[in-house]
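Take a look at the structure set out below.
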Amino acid sequence: GENVEQHPSTLSVQEGDSAVIKCTYSDSASNYFPWYKQELGKRPQLIIDIRSNVGEKKDQRIAVTLNKTAKHFSLHITETQPEDSAVYFCAASGSGDDKIIFGKGTRLHILP
Amino acid sequence: KAGVTQTPRYLIKTRGQQVTLSCSPISGHRSVSWYQQTPGQGLQFLFEYFSETQRNKGNFPGRFSGRQFSNSRSEMNVSTLELGDSALYLCASSFPPNEQFFGPGTRLTVL
């Protein structure tokens, strides 16, 4: 079945610097790749997603890149702010259904 | 639109008991997925229901089961509870496929 690996498990960056989280997936049929942010004590919320017909997508300070050949996708956060501190989950899903497999998460700390 | 709701929010049970958790999706959403969240293991997929049918299932023992009603509300049941079942159980609903909206979760503690 589908497997999603996420690295690193913990990431600390200075406020204002960039953060990069990387994921790999195993099922070449996967075509949807969402990223979720979960703040302490809150539910996961979708922050950005990308489909397999696109190589890159940006939304303000957040961008996601996808390399289908390598089965690799990444989340980039620029100009990090204290409110970016949270756990981030990558995920992958195949076509036609809503089975979404998540990575184990990255705890991002923004240092003052 | 009201968001995804889950009841109860907190639950304490003892080993061997069974438990039923409820999830009400966003109005119009027909797919409901369930996840188990534990520290270090992230979000593990339990199962997904669409139009009252289980469409996908994760790698959990048969003690974990679920169902979906005609109004898309879903329940999950865990029988013969074990200490390791202590976790946050999240449901998520979607329509159209893929973008999922999560509920606040039910925190289950097994003593």
*How compact and how long is the range A:1-44, expressed as Rg and Dmax of its alpha-carbon atoms in Å?*
13.4, 39
*Within the range A:1-66, list the trypsin sites (Lys or Arg not before Pro) lying in a DSSP loop whose Cβ has at most 15 other Cβ atoms in a 10 Å radius.*
A:Lys42, A:Arg61
_the protein assembly as shown: translational diffusion in µm²/s, Stokes-Einstein, Kirkwood Rh over Cα pairs, 25 °C, 0.890 mPa s_ = 137
*Along the principal axes of its C-alpha atoms, what lengths does chain B span, in descending order and rounded to whole Å?*
38, 26, 25
_Give the separation of the Cα centroids, the range A:44-112 to the range B:1-77, in Å._
24
*Using the heavy atoms of the protein chains and a 1.4 angstrom probe, tell me the accessible area per residue for chain B in square angstrom.*
47
*Near A:Lys68, which aspartates and glutamates are there with a Cα under 17 Å away, not counting those fewer than 8 places off in the same chain?*
A:Glu2, A:Glu5, A:Asp27, A:Asp49, A:Glu56
*Tell me: how much accessible area in total is hidden between B and A, 1.4 Å probe, Å², nearest 100?*
1800
_P(r), alpha carbons of chain A - 10 Å bins starting at zero, rounded %_ = 15, 50, 29, 6, 0
*Can you list the lysines whose alpha carbon is less than 26 Å from that of B:Lys13, not counting same-chain residues fewer than 8 positions off?*
A:Lys42, B:Lys57
*For chain A, what is the accessible area per residue in Å², given a 1.4 Å probe and the full set of protein chains?*
50
*If we sort B:52-59, B:65-72 on the protection proxy, mean other Cβ atoms within 10 Å, highest first, what's the order?*
B:65-72, B:52-59
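The values are calculated or read from the model by the stated rules, or taken from the named source; none is laboratory data. This one's a predicted model, so the numbers in the text were calculated from it and none came from an experiment. FYI the Cβ positions are ideal-geometry reconstructions off the backbone, even for glycines, and counts take in every protein chain you see. Note: areas computed on protein heavy atoms with side chains; ligands, DNA, RNA excluded. Shrake-Rupley method; radii C 1.70, N 1.55, O 1.52, S 1.80 Å.
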